[in-house]
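Below is one structure; the comments refer to it alone.
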Amino acid sequence: MSKSRKLVRKMAKGQLSRAEALACSDCRHACHVMLYSDTKSQLFGRTPIKYIILMQMRFDGLLGFPGGFINTSQESLEEGLIRELQEELGLPISISENDHMDACYAPGTSPSSPRLITHFYVKKLMEEEIREVERVSASTAKDHGQEVLGMVRVPLYTTKGDGGLSSFLSHAFIGNARTQLVNTLLRLNLLSPKDLKKALENSLKTHANTAADLKAVLALTEAEQDQS
Ligand code: AMP
Ligand code: MN
């Protein structure tokens, strides 16, 4: 790991290191990873895409990162994550302790069940490897059409009507996946804090429009129900 990666890791607040997280022996652990690559491709031949970042549309309709629960009595965090990636993406991705970015307690678990710690990994691949992940995950991966409805790329640019990243961020995410995405964009310098702030401000506006849109389709559905 480079010195700068170590430094940016230290700056994150309220988060656990891999060792601190593993010290909780009666916690459940889940691991997820952000796979990404550089790209020189451009949208409409003029907007730089810069990075291909992979997320997925999950079975529950939420956006998240590939990964899942780890059986810590039988496998290391990284072995478990590799197993999950094999199921969800359909091919082996090597993950090491060096790719561990941070861990934190997942909010909202019931007091009776063991606490859940979510670990987050970041792994940079070559663009061709990312494309291979996309091809295989949509064809032979075991979980395709089951736990995983499809892989999606995160748009980092902003289109003319303030679409792009801001619209993407206004969707619904599992757990703290949105925080993990935003944190990683900042910590790896994939986007400036200024651009990210602008996108997030626009996301809040999009969110308000979405609420209005949902109310309109609900009214439509209620009218239909009254007629039948
Ligand atoms: P999975 O098997 O991928 O659904 O993940 C195992 C557990 O981790 C589930 O209980 C999810 O609610 C939770 N989870 C999944 N993705 C995330 C995420 N990005 N952040 C926090 N929790 C997550
Ligand atoms: Mn999963």
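The values are calculated or read from the model by the stated rules, or taken from the named source; none is laboratory data. None of these values were measured; they are calculated from a predicted model. Here the Cβ positions follow ideal geometry from the backbone for every residue, glycine too, while neighbour counts run over all protein chains shown. Each accessible area value is taken on the protein alone, full model and side chains, heavy atoms only, with ligands, DNA and RNA left out. Shrake-Rupley method; radii C 1.70, N 1.55, O 1.52, S 1.80 Å.
In table form, for the structure just shown:
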{"item": "Separation in nanometres of the label points that stand 7 Å from Cα toward Cβ, at residue 18 and residue 73", "result": "2.4"}
{"item": "Sequence of 57, 126 from largest to smallest accessible area, 1.4 Å probe", "result": "126, 57"}
{"item": "Cross-link pairs 50/215; 40/142; 123/160; 40/123 - those with Cα-Cα distance over 25 Å", "result": "50/215; 40/142; 123/160"}
{"item": "Total charge dipole magnitude, the chain, about the Cα centre, Cβ charges on Lys, Arg, Asp, Glu only, Debye to nearest 20", "result": "1240"}
{"item": "Debye, to nearest 20: dipole size of segment 7-101, +1 on Lys, Arg Cβ, -1 on Asp, Glu Cβ", "result": "640"}
{"item": "Probe 1.4 Å, protein heavy atoms only - accessible area per residue of segment 3-227 in square angstrom", "result": "57"}
{"item": "Farthest toward positive dipole pole in segment 91-156 [+1 Lys/Arg, -1 Asp/Glu at C-beta], among 96, 107, 117", "result": "107"}
{"item": "Computed P(r) (all Cα pairs; segment 149-228; 10 Å bins; percent)", "result": "16, 40, 26, 12, 5, 1"}
{"item": "Quotient of C-alpha Rg and 2.2 N^0.38 Å, computed over the chain", "result": "1.10"}
{"item": "Fraction of beta bridges assigned by DSSP in the chain that are antiparallel (%, nearest 5)", "result": "70"}
{"item": "Cα pair distances in segment 50-90, grouped into 5 Å bins until the bin that holds the longest one, percent each", "result": "5, 22, 23, 22, 15, 9, 2, 1, 0"}
{"item": "Helix 77-89 vs. the chain, principal-axis angle (Cα, 0 to 90°, nearest 10)", "result": "40"}
{"item": "Sequence of 51, 36 when ordered by accessible area, the most exposed leading, probe 1.4 angstrom", "result": "51, 36"}
{"item": "Whether segment 41-145 is rounded, prolate or oblate, judged on the alpha carbon gyration tensor where a/c under 1.5 counts as rounded", "result": "prolate"}
{"item": "Portion, in percent, of the accessible area of the chain that falls on carbon or sulfur, probe 1.4 Å", "result": "56"}
